[in-house]
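Visitor: I have a structure I would like to understand better, so I am pasting it below and will then ask my questions one at a time.
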Amino acid sequence: MYVFTGSPVTKLDGSLVMAAGAALEISKANPGASKQLGALISGNPGTCLEFKDIGFNQWVGWMKVRKHWANRPDVEIIRESTAQLASIARLHSGIIFHCAYPKTSVKEQAVINTILDELPNNVIFYVS
């Protein structure tokens, strides 16, 4: 399963803003994904993690790392999102979760790495 990072910001049509990196690639590959994920996220504003079957039993996940797409990733949001992802990954140990590494400052990377170290082995982060 592929999990991309982002913010909970939706467009006027209700679709999730998916304008860069992994989010953009998922949006291009499945144009309906942004609308489907936007509906899930706007219906549950406190959520930090959502998963959606985008068709043909292909699942994607969204992990909140910031409050707004224009903001830098927030360490506390990443901590909360990572805790939720860890719980789900432990429940579904047969699934490999492929995640985009949140782009942060060099100073914050050490803190982020400590947080991500708590994830089980079936969660893999990629730096792009």
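Visitor: Which shape class, rounded, prolate or oblate, goes with the chain when its Cα gyration tensor gives a ≥ b ≥ c as root eigenvalues, a/c under 1.5 marks rounded, and past that a/b bigger than b/c marks prolate? Before the final figure, lay out each step's value.
Guide: Working: a/c = 1.65, a/b = 1.21, b/c = 1.36.
Oblate, because a/c is 1.5 or more while a/b does not exceed b/c.
Visitor: Lysine pairs, Cα distance under 26 Å, 8 or more residues apart or cross-chain: how many in region 2-126?
Guide: 21
Visitor: If each DSSP helix of 4+ residues adds -39,500 (n - 2.57) and the sum is divided by the residues in the chain, what number results at 222 nm, nearest 500 deg cm²/dmol?
Guide: -11500 deg cm²/dmol
Visitor: So what's the net charge close to residue 80: Lys and Arg +1, Asp and Glu -1, counting the other residues with Cβ under 14 Å from its Cβ?
Guide: 0
Visitor: While we're here: Can you give the relative contact order of the chain as a percent, counting alpha carbon pairs under 8 Å and 6+ residues apart? Don't jump to the answer; show the numbers that get you there.
Guide: Details: 208 pairs, mean separation 34.2, N = 128.
The value is 27 percent.
Visitor: Rounding to the nearest 20 debye, state how big the charge dipole of the chain is about its Cα centre with +1 on each Lys and Arg Cβ and -1 on each Asp and Glu Cβ.
Guide: On the way: 12 positive and 10 negative charges, 53 e Å.
Charge dipole, the chain, about its Cα centre: 260 debye, nearest 20.
Visitor: For region 51-57, just list the computed ³J(HN,Hα) in residue order, Karplus coefficients 6.51, -1.76 and 1.60, θ = phi - 60°, integers in Hz, with x standing in for Gly and Pro.
Guide: 10, 9, 7, 8, x, 6, 6
Rule-based calculations on the coordinates, nothing more; no lab input. All values derive from a computational prediction rather than experimental measurement. For neighbour counting, all protein chains shown are included, and Cβ atoms are generated from backbone atoms with ideal geometry for every residue, glycine included.
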